[in-house]
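Just below is one structure, and these are the notes that go with it.
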Amino acid sequence: MVNLKGKDIISLRELKKDEIEYLLSRAADFEKILQKEGYTNILEGKILATLFYEPSTRTRLSFVTAMHRLGGNVIGFSGPEGTSAVKGENLSDTIRTIDNYADVIAIRHPEEGSAKLAAQLSTRPIINCGDGSHAHPTQTLLDLYTIRKEKGKINGQKVALVGDLKYGRTAHTLAYALALFGADMIFVSPESLSMPKDVTTELKDKFEIEIKEYTKLENIVKDADVLYITRIQKERFPDPGEYEKVKGAYKIDLNVLENAKKDLIVLHPLPRVYEIDPELDNTKFAKYFKQAYYGIPVRMAILASVLGK
Ligand code: NCD
């Protein structure tokens, strides 16, 4: 029997495969509730704190929506501007304080390891909503949910991860999870933005998979079942000149997909900048807005589970 009460969700490595399966299947239950009643009150009286030190549209607002649709309440901030961080308060003191205010804490912070630090200090479940370039586990859960929903299964799918694999935290966590679920992965990135060594080494050692890396999108489109494209993470480049060199590296349009499989799906964690031509939006390839919608039932499943409901 899976019990995730009190669990921190930092990088997905703290969850076993059956615990991830449990979250995905609960998300499917919540999706049905969303379609029928749109609401349940199982988290009535509970408070979620959203501490977002970096910009966010989908992650924060879907967590807020998820909490409201579970009957709970939300406190928090988006951007440190209005908080004591401006006065010089460190993250540790903020976490120690919020620990006394809320039942569960969702945090996004520019520093790698910040969510782990918060989990060490907090008695409440900590949900990592992105710590620098490191990890973004709730995005990965909704990515897995989307692939399973749209393709029927994850195991055996040929998934191309395209774009900024160096700084993209969504790509790091997704690569780990896809290996865990037995998908076949292809990495496509500019040479300077390839998947970090620590990620590929873990995949090879732990899952004994072969890593295929490319720089050109054309080489891989026809074989892919899922094309997961990511934004070049402008804000993480130490040198803006380096960003300028790679910013338009990949763009998917109908021309690029000419020889793609008929049932290929295109995913993107969003926001998109140059990566997907809007001409794709109304085609059957485009699943990225549906993917963003699935963030609601998936985050409902996470909140209910870590709060032991
Ligand atoms: C991603 C992130 O913040 O890492 N956004 C998201 O949560 N959907 C991707 C990105 O910013 O490129």
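Going Cα to Cα from Lys5, which lysines come in below 29 Å? Please leave out same-chain ones fewer than 8 positions away.
Lys16, Lys17, Lys32, Lys36, Lys46, Lys116, Lys149, Lys153, Lys206, Lys290, Lys309
With +1 on the Cβ of every Lys and Arg and -1 on the Cβ of every Asp and Glu, and nothing else charged, how large is the dipole of the chain about its Cα centre, in debye rounded to the nearest 20?
The calculation lands at about 780 debye.
Given Ser11, Leu48, Ala224, which one lies farthest toward the positive end of the charge dipole of the chain, if we put +1 on the Cβ of every Lys and Arg and -1 on the Cβ of every Asp and Glu?
Leu48
Kirkwood Rh over Cα pairs of the chain into Stokes-Einstein at 37 °C, 0.692 mPa s: D in µm²/s?
The estimated diffusion coefficient comes to 166 µm²/s.
Would you grab the residues whose amide H sits under 5 Å from the one on Ala260? Only those 5+ places off in sequence or on another chain, please, with H modelled 1.01 Å from N.
Correct list: empty.
Which ³J(HN,Hα) values in Hz, rounded to whole numbers, follow from the phi angles of segment 208-222 under the Karplus curve 6.51 cos²θ - 1.76 cosθ + 1.60, where θ = phi - 60° and Gly and Pro get x?
My calculation for segment 208-222 gives 6, 9, 8, 9, 10, 10, 10, 10, 10, 5, 3, 5, 10, 4, 5 Hz in order.
May I ask for log10 I(q)/I(0) of segment 119-271 at q = 0.09, 0.11, 0.14, 0.17 Å⁻¹, from a Debye sum over the Cα atoms as equal point scatterers with solvent left out?
Per q value, in the given order, log10 I(q)/I(0) is -0.28, -0.42, -0.68, -1.00.
Quick one: grab the alpha carbon gyration tensor of segment 1-125, order the square roots of its eigenvalues as a ≥ b ≥ c, and give me rounded if a/c is under 1.5, else prolate or oblate depending on whether a/b is larger than b/c.
Prolate.
Whose amide H sits under 5 Å from the amide H of Leu267, counting only residues 5 or more places off or on another chain, with H placed in the peptide plane?
Placed amide hydrogens put Leu227, Tyr228, Ile229 under 5 Å from Leu267.
What lysines could a cross-link reach from Lys245, if we take a straight Cα to Cα line under 17 Å and drop same-chain neighbours fewer than 8 places away?
Within the straight-line cut-off, Lys245 pairs with Lys166, Lys216, Lys234.
Got a sec? Charge dipole of the chain, +1 on Cβ for Lys and Arg, -1 for Asp and Glu; which of Gly182, Ala118, Gly152 is way out at the positive end?
Of the listed residues, the answer is Gly152.
Along segment 232-238, what does the Karplus equation 6.51 cos²θ - 1.76 cosθ + 1.60 (θ = phi - 60°) give for ³J(HN,Hα), rounded to whole Hz, x for Gly and Pro?
Per residue, the Karplus-derived 3J(HN,Hα) values read 6, 7, 3, 5, 9, 6, x Hz.
Considering the dipole of segment 95-173 built from charges on the beta carbon (Lys and Arg +1, Asp and Glu -1) around the Cα centre, which of Cys129, Asn100, His172 is farthest to its positive end?
Towards the positive end, the residue furthest out is His172.
Coordinate-derived values only; no laboratory data. These numbers were taken from a predicted model, which means no experiment stands behind them. Positions of Cβ are generated from backbone atoms using ideal geometry, with glycine treated the same way; all protein chains shown enter the neighbour counts.
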